[in-house]
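Only one structure is covered here, and it is reproduced in the block below.
The values are calculated or read from the model by the stated rules, or taken from the named source; none is laboratory data. Just so you know, these numbers come straight off a predicted model, no measurement behind them. Note that each Cβ is placed from the backbone with ideal geometry, even for glycine, and that neighbours are counted across all protein chains shown. Areas reflect the complete protein model, heavy atoms only, side chains present, ligands, DNA and RNA absent. Shrake-Rupley method; radii C 1.70, N 1.55, O 1.52, S 1.80 Å.
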Amino acid sequence: MVVLLIIVLVVVGFIYMSATGKAKARMHYANERGAIRDSQQGLLRKPTWIDTPKEKVFFEQVVDISQKKGVSKNFVMKGFMSPDAAEALFSHVAHMEARGSSFTEQVISGADYVAEAWGQLPSDVQRDFSSKDKLGVIGLFS
């Protein structure tokens with residue numbers, strides 16, 4: 001009897017965790033689509049954590065996740081150095097923040113944003129950025 005009760009509790013727990021995870025994923029997707037719409041309408045914002053130590057954490061995590069998605073580190077670094085590209089990225093994550101997204105969700109969405117921009121580049125441009133990664137050439141003068 002006790003074993004049956006434990007099995008039922010475990011099953012109910014798994015169902016609850018699965019439903020909660022799916023709901024969070026749907027909410028993240030809705031927030032991301034809404035942030036893209038807001039950005040496309042030209043609504044500029046800044047995240048509340050800009051110019052704080054969290055900005056460095058955001059940058060490091062976006063670079064790391066983007067690289068895991070196959071994006072050239074050189075591309076990400078140059079994107080952050082470009083004021084227009086950085087403003088667009090920060091505005092996108094600020095819209096995520098305004099919709100209630102956590103900092104972690106903002107980082108993931110920022111990496112998705114960078115990966116999407118990477119995917120829109122012609123393959124020869126991607127190869128050029130990637131070849132500089134292999135040479136270790138990153139910075140303003142590369």
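Rundown of residues vs (1) under 13 Å from the mean Cα position of the chain (by Cα); (2) at pLDDT 90 or above, yes/no style:
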site	(1), (2)
Thr48	no, yes
Asp51	no, yes
Lys56	no, yes
Ser72	no, yes
Gly79	no, no
Pro83	no, no
Val107	yes, yes
Val114	yes, yes
Gly119	no, yes
query = Under 6 Å by Cβ, and 6 or more places apart or on different chains, what pairs join a residue from segment 76-91 that is closer than 18 Å to Leu43 by Cβ with one that is of a type in the set (A, V, I, L, M) and open to solvent by 40 Å² or more (accessible area, probe 1.4 Å)?
reply = Ser91/Leu44
Qualifying positions in segment 43-93 - in contact with a Ser or Thr (Cβ under 9 Å, 6 or more places away or on another chain), open to solvent by 10 Å² or more (accessible area, probe 1.4 Å) and over 27 Å from Asp133 (Cβ atoms) = Leu43, Leu44, Arg45, Lys46
query = Looking at this structure, is Met96 farther than 21 Å from Gln41 by Cα and among the aliphatic types (A, V, I, L, M)?
reply = no
